[in-house]
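The values are calculated or read from the model by the stated rules, or taken from the named source; none is laboratory data. All values reported here derive from a predicted model rather than from experimental measurement. Glycine gets a Cβ as well: all are built from the backbone with ideal geometry, and neighbour counts include every protein chain shown. Just the protein is used for accessible areas: all its heavy atoms, side chains included, with ligands, DNA and RNA removed. Shrake-Rupley method; radii C 1.70, N 1.55, O 1.52, S 1.80 Å.
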Protein chains: 2
Amino acid sequence: MHIGLFDSGVGGLTVLREIRQKFPSSPISYLGDTARLPYGNKAPQTLKQYTQENIAFLDQLHVDVIIIACHSASSVSLNIKHSQKGTPVINVIGPSCEEAIQSTKNKKIGVLATKATTRSQVYPEYIRQQAADIQVHSQEAPLLVPLVEEDYSNTQVAKIILEGYLRPLLDASIDTLILGCTHYPILAQEIQDCCGPNIQLIDPARSVIQSLVERQTAATNDQPKFDIYLTDQSPHFLEHAQKLLNLPDLPPIKALGPLTLKRQ
Amino acid sequence: MHIGLFDSGVGGLTVLREIRQKFPSSPISYLGDTARLPYGNKAPQTLKQYTQENIAFLDQLHVDVIIIACHSASSVSLNIKHSQKGTPVINVIGPSCEEAIQSTKNKKIGVLATKATTRSQVYPEYIRQQAADIQVHSQEAPLLVPLVEEDYSNTQVAKIILEGYLRPLLDASIDTLILGCTHYPILAQEIQDCCGPNIQLIDPARSVIQSLVERQTAATNDQPKFDIYLTDQSPHFLEHAQKLLNLPDLPPIKALGPLTLKRQ
């Protein structure tokens with residue numbers, strides 16, 4: 001099963017890490033749209049178009065399944081189940097919601113997410129459809145992606161900002177917290193420290209694996225292929241990938257070159 | 001004189017504010033490339049292409065002068081003196097350097113800038129050419145643009161982050177500090193508080209005005225025209241413009257629609 005996935009930047013690498021652990025013999029193609037990073041504060045119409053373009057790009061690589069490894073992009077693309085070529089498309093919203101619904105005991109779920117994801121209301125709507133008696137408390141956390149991208153994990157600044165974002169969720173007595181952005185698992189320890197041990201964190205990277213397992217096809221004997229494509233030749237992407245995710249065996253990055261402005 | 005200017009987002013509005021004060025009867029066209037914001041962590045090749053595209057867009061509007069109101073874009077485009085149509089192009093690097101060289105008494109100038117600008121070495125090289133005996137101390141400050149974009153000015157977090165960035169410059173005994181990004185004048189008070197009263201801040205928006213004054217042509221009797229174009233329909237752009245810059249009379253935003261991914 002050749003797995004294609006994309007994110008705006010390094011966040012999707014948390015999904016990539018899980019995939020490589022669970023599917024060590026699967027070819028993988030990763031697209032980081034670093035030239036247009038970050039996605040979390042872009043308008044829905046813009047994100048829809050970026051998502052469609054990224055799916056079309058991965059489709060050209062003849063992948064067997066495409067993962068939208070970005071919550072902001074997923075939040076505006078829940079209706080996309082297949083690419084134009086018919087390749088199955090998996091988003092990171094549904095699997096996290098299913099796992100959170102299983103996890104919560106007091107029926108109070110918190111969601112930490114980007115502006116774009118929070119304003120889309122995708123989490124409350126999805127969970128309400130599955131379990132109408134569950135309360136969902138959403139908190140937008142726009143500075144967490146820059147903090148991760150700039151390697152400010154485990155600093156006093158990250159702690160202060162996290163405390164500010166998490167306070168309303170803790171006051172609402174949530175017992176389950178969805179990390180609603182693929183960057184956030186990189187801050188998982190700091191978030192758990194701030195929440196205390198009684199709150200269950202839902203890591204979207206782990207949630208999405210179950211969807212993949214269900215779709216798993218017979219393994220081929222091909223040599224596992226692992227490609228990374230970036231739309232910007234971002235030097236810190238490689239540093240991040242190696243440092244944050246302990247991925248020393250990254251393949252050479254294939255830079256697509258910058259994007260061209262084209263009026264609609 | 002119809003003035004065109006562009007930035008990745010709200011930062012260029014600090015230049016716009018100065019222009020409107022100094023040239024109240026000039027038509028203005030502002031392009032915010034919000035769909036590809038931020039510029040400060042993009043690769044040089046990417047920024048060069050974005051700059052050329054933005055200049056070409058403003059050229060189509062028949063402006064008389066084009067200001068690159070973004071330091072990251074300016075840092076890779078110092079050689080661009082005219083557009084393809086022959087319109088003069090002004091960057092924000094040169095004017096700040098000239099003013100800083102005039103200002104410094106102990107010949108130690110600090111520069112606070114994005115990663116892209118800092119790594120381009122454009123400030124040390126420019127100043128060395130003009131005055132070889134001046135020391136230039138550069139500090140990259142990648143979190144300041146997200147802090148401004150997310151309205152974290154005047155917070156404890158901004159103070160801690162600024163203190164971290166400014167400490168090496170203060171230790172180097174600078175007496176003049178170039179705000180090397182058009183977002184930073186929004187944090188000018190916090191930066192001045194952290195530096196103390198003896199360090200002169202150089203605001204790029206004010207520096208660039210002198211270049212414009214020198215190019216000023218006879219005023220026309222046309223009704224002043226004021227257009228804002230955005231490549232992403234970013235709702236917080238308008239909020240920022242009105243709140244941060246006290247610009248209640250903003251014209252309706254003209255959204256260009258999202259960009260199309262096109263392989264080189």
TODO: Taking residue A:28 as the residue in question, decide whether it is in contact (Cβ under 8 Å) with a residue 12 or more places away in the chain, open to solvent by less than 10 Å² (accessible area, probe 1.4 Å) and under 19 Å from residue A:80 (Cβ atoms).
DONE: no
- [ ] For the range B:205-240, name all the residues that are at pLDDT below 75 and either among the hydrophobic types (A, V, I, L, M, F, W, C) or in contact with a strand residue (DSSP E or B) (Cβ under 6 Å, 6 or more places away or on another chain) (or both).
- [x] B:218, B:219, B:226, B:233, B:237, B:238
Task: Criterion (touching a strand residue (DSSP E or B) at 6+ places or on another chain (Cβ under 7 Å), crowded, with 18+ Cβ neighbours inside 10 Å and more than 22 Å from residue B:10 (Cα to Cα)) met by exactly one of B:111, B:122, B:89, B:136 - done: B:136
Task: Residue satisfying condition, being closer than 30 Å to residue B:173 by Cα, away from every other protein chain (no Cβ under 14 Å) and aliphatic (A, V, I, L, M), within set B:131, B:116 - done: B:131
TODO: Within the range A:198-209, identify whether any single residue is closer than 19 Å to residue A:115 by Cα, away from every other protein chain (no Cβ under 14 Å), in a loop (DSSP other than H, G, I, E, B) and open to solvent by less than 40 Å² (accessible area, probe 1.4 Å), and answer yes or no.
DONE: yes
Open item on the list: When you scan the range A:2-17, do you find a residue that is modelled with pLDDT of 90 or more and open to solvent by 10 Å² or more (accessible area, probe 1.4 Å), even just one?
Closed with: yes
TODO: Would you point out the residue of the range B:163-187, among those that are without any contact (Cβ under 8 Å) to a residue 12 or more places away in the chain and of a type in the set (D, E, K, R), that is least open to solvent (accessible area, probe 1.4 Å)?
DONE: B:171
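Give me the helices (runs of 4 or more DSSP H) completely within the range A:44-110, filtered to those with at least 3 residues that are away from every other protein chain (no Cβ under 14 Å) and either among the aliphatic types (A, V, I, L, M) or at positive phi (or both), ordered by residue number. Before the answer, list the steps.
Working: elements: A:44-60, A:71-75, A:93-103.
Ranges flagged: A:93-103.
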Task: Given (1) open to solvent by 20 Å² or more (accessible area, probe 1.4 Å); (2) more than 14 Å from every other protein chain (Cβ to nearest Cβ); (3) in contact (Cβ under 8 Å) with a residue 60 or more places away in the chain, index of the condition residue B:151 fails - done: (2)
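Test residue B:191 against the criterion of being among the aliphatic types (A, V, I, L, M), within 14 Å of another protein chain (Cβ to nearest Cβ) and either open to solvent by less than 30 Å² (accessible area, probe 1.4 Å) or closer than 16 Å to residue B:139 by Cβ (or both), and give yes or no.
Details: among the aliphatic types (A, V, I, L, M): yes; within 14 Å of another protein chain (Cβ to nearest Cβ): no; either open to solvent by less than 30 Å² (accessible area, probe 1.4 Å) or closer than 16 Å to residue B:139 by Cβ (or both): yes.
Answer is no for this residue.
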Open item on the list: Quick check on my filter: what residues within the range A:119-144 are assigned to a helix (DSSP H, G or I) and free of Cβ contacts under 8 Å to residues at least 40 places away in the same chain?
Closed with: A:119, A:124, A:125, A:127, A:128, A:129, A:130
Open item on the list: Tell me whether the range B:154-162 contains one or more residues that are touching a residue at least 60 places away in the same chain (Cβ under 8 Å) and crowded, with 16+ Cβ neighbours inside 10 Å.
Closed with: no
